[in-house]
Amino acid sequence: MTAPFAQAPDAFPGSGPPPGIAVQGLTKTYRNIPAVSNLSFTVPPGSITGFLGPNGSGKTTTLRMLLGLVRPTAGIALIDGVPYTSLPQPGRVVGAVLDAQGAHPKHTALTHLEVYCTAMRVPLSQARASLDLVGLGSVATRRTGEFSLGMRQRLALATALLGQPRYLVLDEPANGLDPEGMAWLREFLQSYARSGGTVLVSSHILREVEQMADHLVIVSNGTLVHQSSTADLRNAYRSRVLVACSDPARLAAALAAAGITDAQIQGDGRLAVVGADPERIAALAAEQKVTIFGTHVEHVDLEQVFLSMTSGRYAASHGYHQPGPPAPGPVPPGYAPPVPQSPHHQHPQHPYPPQQYQQAGQAPPQYQEPPAPQSPPGVPAPHQPPFGPGGFQR
Amino acid sequence: MTALLNAEVRKVLGLRYWWILGIAPVVVGLFTGALTLPLARQVEDIVGEGFASTVSAAIGIALALALVFLFAAVFGAVNGGTEFQHRTMATTFLTTRGRDGVVAAKYVTAAAFGLLYCVVVEIAAVLTVLMFASGDSGPSSGSDFGQLAAVLTTGMLCAALWALMGSGLGLLTGSTVGSVLAISAWVPFGELIVSLILHGLGLGAIADLLPVQLTWYTIVGVIDIPETGDMAVRWPGAPLALIGWTLLVGALGWWRVRSRDVG
């Protein structure tokens, strides 16, 4: 595939590559209700940056401020060092997909694109090329009102690509796409970034962007809670091995001598080791005559880390309450009323513990650890388990 | 600016409402003369020769123009509000530098289509009246044709102004339906009701400055008839006041588009 943009980043006149996207102290308040508060982050040129946050966390407002559609209460957003509205030909610098509804339902797909080709002074042939690029070439003359949500998302992307921009800003582009469409979008964006383009893509689901994003910006309640490369986030929340052994302190010392310094004795007496696999630990334990009773590998689910970082805006009640007469006596929220059982009525033991729908960020008491001082409130420290369902998996 | 204008025209031509809205005034322009002429001929013997064609021409053109103004305003409102209704305004702003150019292009497009409606309807109305009045002595003098041309030209000015007012209202409200309903209520009877209320309150002078009233003062003002001396607002006050209304509504729409957050 050819480069999707007309001008490569290193083809800029002047010195050095373009500075990418920079958001500085962006704030938006709607009638005294803050939507975005003092948000600052950067999007390095040539990267795919995932802009993550739960629904209502201010992602769309931020992107609209970045693109000059919403006036910030304070702060500034810069693209190539200037506000979007000061770009001489914004459609040729930034392509944006903000809303799948951005086409008139009575226009055909081709007419829709030709309108914006004309506005951007782009050859009309680009309209057909963009439709072919996103896989809508066969429905070019169909009205956009007949399109499915996924097709409208593709059309919005085709519109964004008309000016062959260096930047793509996408607001939840996977909405409405089927798995095949999502895979195609991921591949397309990776190809775009490899060609030197810069992508800022928002989502409320980490898994959607985790595989393609080089950088992650995580917001919650309109504020920044995390910004790093995806690799750094993965390294910060690496898997750990819980070792039950005869002498945890001795094993920890042996591990430290071998360069594995991240080993902590847990409240239950097990040794939690980060940065070593069970085989290596077993070998070191054998050298030190430490008996290992069992090991348990815990893998970090980054989605759960993300949920832990962003939880708390809309706290749902626990569980699902069946309508009906109230159960006698106090019932803890989220639990069904106790069913009276006769002594002879024995359920078989479940092979797996029943799934508990637990508020993200809340830890079972046996795993409670003090938060690290450098982490934002509510965010688990690196190497700390993001407690909750799926936080660590066998 | 040329690119934006071309884009706006493409947007309009890619839809059907522009010619659908033009059908009603054209049909009225075609048939009003045909309907009024036989009626007027029945009293021609009493009033005098040439009366029928003059009256039918006046009524036919006046009715056709009234519909042109209404539908030009509706066109402007649809053209201005539809981008907000269908949430395409964000895409439009993202592909252009600044919002002023977009608003200017929308106003120019609205005025152009208002003019187009008027020209087509006037041609249809005049041709029909001439066709059905063939043989009558009617408006055959140079003075009559001069006055007819003045009426038609003034009608074109008013059509453009009404299209601009409709467009301004559409941009101001961001609602096609609301703007169209407001125009459809105001032009045929809304202003009349307000005018009656104002007269009842002793504020008749203000009623004379309402836009529909000013439009007819503007058109009648170019006709050389003795009654024009009694008009509350005469030339050039009437067209200037109408332009003032257009500037007011247009400026409000422009300001709203510049200042609003596009969600």
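The values are calculated or read from the model by the stated rules, or taken from the named source; none is laboratory data. Note that this is a predicted model, so its numbers are computed, not measured. Counting neighbours? That spans all protein chains shown, and the Cβs are built from the backbone with ideal geometry, glycine included.
The numbered conditions (1) touching an Asp or Glu at 6+ places or on another chain (Cβ under 7 Å); (2) not in a strand (DSSP E or B) are all true for A:Leu242 except (2).
Filtered by the rule that a residue be under 31 Å from the mean Cα position of the chain (by Cα), over 16 Å from B:Gly14 (Cβ atoms) and of a type in the set (Ser, Thr, Tyr), the range A:113-149 gives A:Ser130, A:Ser148. When A:His107 is tested against (1) farther than 19 Å from A:Leu136 by Cβ; (2) touching a residue at least 12 places away in the same chain (Cβ under 8 Å); (3) at the interface with chain B (Cβ under 8 Å from one of its Cβ atoms), only condition (1) is not met. Taken residue by residue, the range A:36-46 has no member that is polar (S, T, N, Q) and within 14 Å of chain B (Cβ to nearest Cβ).
Step by step: first the residues of the range B:205-260, then only those that are part of a helix (DSSP H, G or I) and within 14 Å of chain A (Cβ to nearest Cβ), then the one that is farthest from B:Ala111 (Cα to Cα). Which residue is that? If we take residues in the range B:205-260 being part of a helix (DSSP H, G or I) and within 14 Å of chain A (Cβ to nearest Cβ), then B:Ser259 is farthest from B:Ala111 (Cα to Cα).
Return the only residue of A:Gly91, A:Gly75, A:Gly68 being small (Gly, Ala, Ser), farther than 15 Å from A:Arg166 by Cβ and facing chain B (nearest Cβ under 8 Å).
A:Gly68
Among the residues of this structure, B:Thr109 counts as one that is touching a helix residue (DSSP H, G or I) at 6+ places or on another chain (Cβ under 8 Å), modelled with pLDDT of 90 or more and hydroxyl-bearing (Ser, Thr, Tyr). For the range A:178-212, taking the residues that are in a loop (DSSP other than H, G, I, E, B) and under 25 Å from A:Leu69 (Cα atoms), the one that is modelled with the lowest pLDDT is identified as A:Ile205. Candidates B:Gly263, B:Gly178, B:Gly202: the one that is closer than 30 Å to A:Ala100 by Cβ, not in a helix (DSSP H, G or I) and not hydrophobic (A, V, I, L, M, F, W, C) is B:Gly263. Evaluating A:Ala276 against the criteria (1) in a loop (DSSP other than H, G, I, E, B); (2) small (Gly, Ala, Ser); (3) surrounded by fewer than 15 Cβ atoms within 10 Å (Cβ to Cβ); (4) under 31 Å from the mean Cα position of the chain (by Cα) leaves one unmet condition, (3).
Considering the range A:254-264, and only residues there that are surrounded by 14 or more Cβ atoms within 10 Å (Cβ to Cβ) and hydrophobic (A, V, I, L, M, F, W, C), the residue that is farthest from A:Leu206 (Cα to Cα) turns out to be A:Ala254. When residues of the range B:94-124 are filtered for being in contact with a Gly (Cβ under 7 Å, 6 or more places away or on another chain), assigned to a helix (DSSP H, G or I) and within 13 Å of chain A (Cβ to nearest Cβ), how many remain? Within the range B:94-124, residues that are in contact with a Gly (Cβ under 7 Å, 6 or more places away or on another chain), assigned to a helix (DSSP H, G or I) and within 13 Å of chain A (Cβ to nearest Cβ) number 2. In summary, A:Thr141 fulfils each of the numbered conditions (1) in contact (Cβ under 8 Å) with a residue 12 or more places away in the chain; (2) within 28 Å of A:Gly46 (Cβ to Cβ) with the single exception of condition (2). Scanning the range A:242-252 for residues that are exposed (fewer than 14 other Cβ atoms within 10 Å of the Cβ) and of a type in the set (A, V, I, L, M) yields a total of 1.
Within the range A:225-239, the residues that satisfy the criterion of being part of a helix (DSSP H, G or I) and within 17 Å of A:Arg207 (Cβ to Cβ) are A:Thr230, A:Ala231, A:Leu233, A:Arg234.
Elements of the type helices (runs of 4 or more DSSP H) sitting completely within the range B:1-77 and holding at least 3 residues that are out of contact with any Asp or Glu (no Cβ under 6 Å at 6 or more places or on another chain) and either within 14 Å of chain A (Cβ to nearest Cβ) or at pLDDT 85 or above (or both): these cover B:2-13, B:17-42. A single member of B:Trp186, B:Trp235 is in contact (Cβ under 8 Å) with a residue 12 or more places away in the chain, out of contact with any helix residue (DSSP H, G or I) (no Cβ under 6 Å at 6 or more places or on another chain) and surrounded by 18 or more Cβ atoms within 10 Å (Cβ to Cβ), and it is B:Trp186. Scanning the range A:110-155 for residues being closer than 19 Å to A:Leu189 by Cα, within 14 Å of another protein chain (Cβ to nearest Cβ) and surrounded by fewer than 17 Cβ atoms within 10 Å (Cβ to Cβ) gives a total of 0.
When you scan the range A:279-304, how many residues do you find that are among the polar types (S, T, N, Q) and surrounded by 19 or more Cβ atoms within 10 Å (Cβ to Cβ)? The number of residues fulfilling the criteria is 2.
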